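Heads up, the thing below is written out as structure tokens.
The values are calculated or read from the model by the stated rules, or taken from the named source; none is laboratory data. Fair warning: this is a prediction, and the values are worked out from it, not measured in the lab. Cβ placement follows ideal geometry from the backbone for every residue including glycine, while neighbour counts extend to all protein chains displayed. The accessibility values were calculated without ligands, DNA or RNA, using every heavy atom of the protein model including side chains. Shrake-Rupley method; radii C 1.70, N 1.55, O 1.52, S 1.80 Å.
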Amino acid sequence: QLVYPYDFRLTEKEKTSICYLSFPDSYSGGLGDTQFSFRLRQSGGQRTTHYEDDGEYNREAPLTLQRESAHYFGYVYFRQVKDSSMKRGYFQKSLVLVSHLPYVNLFQSLLQLIAPEYFDKLEPCLEAVCNEIDQWPPPVPGQTLNLPVMGVVIQVRIPSRVDKPGSSPVKQFNQENLLPAPLVLPSIHELDLFRCFQPVLIHVQMLWELMLLGEPIVVMAPSPTVSSEMVLALTSCLAPLRYCCDYRPYFTIHDSEFKEYTTRTQAPPNIVVGVTNPFFIKTLQHWPHILRVGELRMSGDLPKQVKVKKLAKLKTLDTKPGIYTSYKTFLHKDKTLIKRLLKGIQRKRPSEVQSALLRRHLLELTQSFIIPLEHYIASLMPLQRAITPWKNPPQIRPFRQEDFMKTLEHAGPQLTCVLKGDWLGLYRRFFKSPNFDGWYRQRHKEMTQKLEALHLEAICEANIVAWMKDKSEVEIVDLVLKLREKLVRARCQHLPVKEETLQRVGLYIETIIGSLPEDLQTVLHHH
């Protein structure tokens with residue numbers, strides 16, 4: 001019915017997709033308000049966003065919180081109430097916030113404030129809210145922001161890449177005598193993992209392995225809320241490693257990718273997809289891993305845990321909750337986690353304490369797995385003394401899987417993790433996954449930039465005048481052009497170089513040009 005701000009351009013395809021994704025797609029008898037989220041492939045090419053400099057934000061934000069350029073996130077607030085004046089006897093409406101940022105907690109909290117007002121006062125409400133949001137500062141990693149909206153101030157910290165993984169958000173919010181007292185969000189994006197993983201706590205490790213390997217997974221849930229929370233919980237369980245595959249927290253049969261995902265002529269894609277329509281049980285039963293969950297109910301004791309079942313047991317209509325897969329885990333089960341969580345349930349520990357336990361466990365597991373890879377890739381960097389000013393910097397040595405495997409005997413995950421099992425098999429399988437590819441590319445890019453930076457510093461330390469003594473004009477001009485190109489690149493790519501280094505290289509260039517004959521000087525100054 002309405003897009004606000006008016007100048008926000010969506011393609012027809014995107015509009016249609018957003019409409020379908022904004023409502024539950026199977027009958028839900030539940031009345032009242034529900035919230036869920038979706039993720040949508042952007043169609044019709046890249047469009048410039050409101051923030052031109054994504055670069056700066058994305059360089060400082062954790063990899064898991066980067067602004068996505070090819071996808072939109074949709075955050076939905078859906079209201080369904082009886083209304084005899086409507087043709088169908090119900091009032092059904094959704095307010096959807098669309099963003100490139102994965103700030104699920106911030107945006108869902110925002111909708112809780114705005115949506116009830118919007119359903120009551122309609123467009124003028126949105127106009128007022130958008131005017132307030134326009135005044136918000138852009139998100140800067142590491143900063144705590146106060147965001148005023150509708151008489152409330154939401155206070156939230158934007159995580160930064162330099163935060164220590166697993167450290168709890170900084171508690172010392174400066175209240176600055178804010179009146180009314182701000183609505184403080186403990187995290188901008190972290191879900192209540194304990195609540196989301198309620199029915200699968202004993203299988204968390206298997207799910208972690210499936211996510212690490214980028215396996216295709218279907219989450220079948222009774223509602224978009226349960227489906228989107230479970231999918232987002234799964235994609236978050238590899239942090240600080242970035243989950244590099246596609247994921248759809250909520251997916252309907254009207255989606256433009258429906259054919260692509262349900263075709264049997266090729267293997268299912270590396271994606272986690274959340275669905276609620278029972279029709280999917282039939283169309284996706286060839287997928288290797290199907291997680292069927294019921295309604296999430298928080299109760300005093302350990303909720304009924306689903307069982308792992310054979311895929312053949314997937315009944316078309318009345319499918320019982322369970323993990324339908326033939327996957328055998330590489331690592332043995334960790335009993336201590338379940339014991340701790342059970343103890344927490346008996347002692348009636350709050351859900352956020354249990355979630356912190358769970359998150360800590362997953363973080364340690366991921367770190368044990370990734371640290372040996374980090375050690376090995378660091379050893380591929382050329383030695384600093386091999387970086388000389390007048391030669392191109394040496395190449396980073398290639399990543400050889402077998403060489404990496406040999407390092408595991410004395411520096412493998414067993415140093416930091418008590419879990420036994422086939423770690424080697426897990427690494428071998430991981431090398432084939434998009435998550436390895438994404439991790440390797442990111443590291444390689446960072447190392448290449450580091451090399452460039454070291455090279456610039458070496459040039460800065462060098463004695464240029466001595467070098468020029470026995471060089472021809474051609475060699476000197478060549479050097480000027482190369483140095484210039486390096487400077488431009490350092491500034492464009494924001495290489496990790498001190499500003500003074502860049503200025504010194506700039507001065508060097510001027511000095512060299514100054515030593516050349518005048519006709520060449522003129523040419524180079526115009527070049």
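When the chain is described by a simple charge dipole with +1 on each Lys and Arg Cβ and -1 on each Asp and Glu Cβ, the residue from 308, 369, 451 located farthest towards its positive end is 308. Let me make sure I get this right: for the range 12-139, a, b and c are the square roots of the gyration tensor eigenvalues over alpha carbons, sorted descending. Under 1.5 in a/c it's rounded, otherwise prolate if a/b > b/c, else oblate. Which is it? Cα axes put the range 12-139 in the prolate bin. Report note on the peptides 144-150, 128-134: ranked by the mean count of other C-beta atoms within 10 Å, highest first, their order is 144-150, 128-134. With the whole protein complex present, residue 418 retains an accessible surface near 120 Å², based on a 1.4 Å probe.
Got a sec? Which residues in the range 206-244 would a label at residue 305 touch, if it sits 7 Å along Cα→Cβ and we count backbone N under 12 Å? Label zone hits: 206. How far apart, in nm, are the 7 Å Cα→Cβ label points at residue 59 and residue 140? Distance between label points: 1.5 nm. Within straight cross-link reach of residue 445, meaning Cα distance under 20 Å, which aspartates and glutamates are found once same-chain residues fewer than 8 apart are removed? Output for residue 445: 53, 54, 56, 60, 68, 374, 437, 457, 485. Stokes-Einstein diffusion for the range 463-526, with the hydrodynamic radius set to the Kirkwood value over Cα pairs and evaluated at 10 °C in a medium of 1.306 mPa s, equals 127 µm²/s.
Taking amide H positions as modeled 1.01 Å from N, with prolines and chain starts lacking one, the residues under 5 Å from residue 219 and 5 or more places away or on another chain are 273, 274, 275, 291.
Note on the chain: with charges restricted to the Cβ of Lys and Arg (+1) and Asp and Glu (-1), its dipole about the Cα centre is near 2960 debye.
In order along the range 395-400, the Karplus-derived 3J(HN,Hα) couplings, from 6.51 cos²θ - 1.76 cosθ + 1.60 at θ = phi - 60°, round to 6, 6, 5, x, 7, 10 Hz, and Gly and Pro are given as x. Taken one residue at a time, the phi angles of the range 107-121 give Karplus couplings (6.51, -1.76, 1.60, θ = phi - 60°) of 6, 5, 5, 4, 5, 4, 7, 7, 4, x, 5, 4, 4, 8, 10 Hz. Gly and Pro are set to x. This model, with +1 at the C-beta of Lys and Arg and -1 at the C-beta of Asp and Glu, gives the range 463-526 a dipole about its Cα centre of some 380 debye. In plain terms, the chain from residue 112 to residue 347 could stretch by 81.5 nm, reckoned as 0.36 nm per residue minus the Cα-Cα distance.
Here the range 386-527 is assigned +1 on the Cβ of each Lys and Arg and -1 on the Cβ of each Asp and Glu. Its dipole about the Cα centre then comes out at about 880 debye.
Apolar share of the accessible surface for the range 12-139: 52 percent from carbon plus sulfur atoms, 1.4 Å probe.
In this simple spin-label model, placing a label point 7 Å from the Cα along the Cα-to-Cβ direction at both residue 267 and residue 375 gives a separation of 3.1 nm. The stretch between residue 462 and residue 334, if pulled fully straight at 0.36 nm per residue, gains 40.5 nm over its current Cα-Cα span.
Counted over the chain, the DSSP beta bridges are approximately 65% antiparallel. In this label model, residue 43 and residue 523 are separated by 5.4 nm, measuring between points 7 Å along each Cα→Cβ vector. State which entries of 15/87; 93/121; 391/450; 164/333; 282/313; 391/486 exceed 20 angstrom in Cα-Cα distance in the structure shown. Violating the 20 Å limit, Cα to Cα: 15/87; 164/333. Helix 434-461 axis versus longest C-alpha principal axis of the chain: approximately 30°, rounded to the nearest ten. Between the amide H of residue 71 and those of 42, distances stay under 5 Å, these residues lying 5 or more places away or on another chain, with hydrogens modeled in the peptide plane.
Candidates 526, 407, 392 compared by Cα position along the dipole of the range 376-527: farthest toward the positive end lies 407, with charges placed on Cβ.
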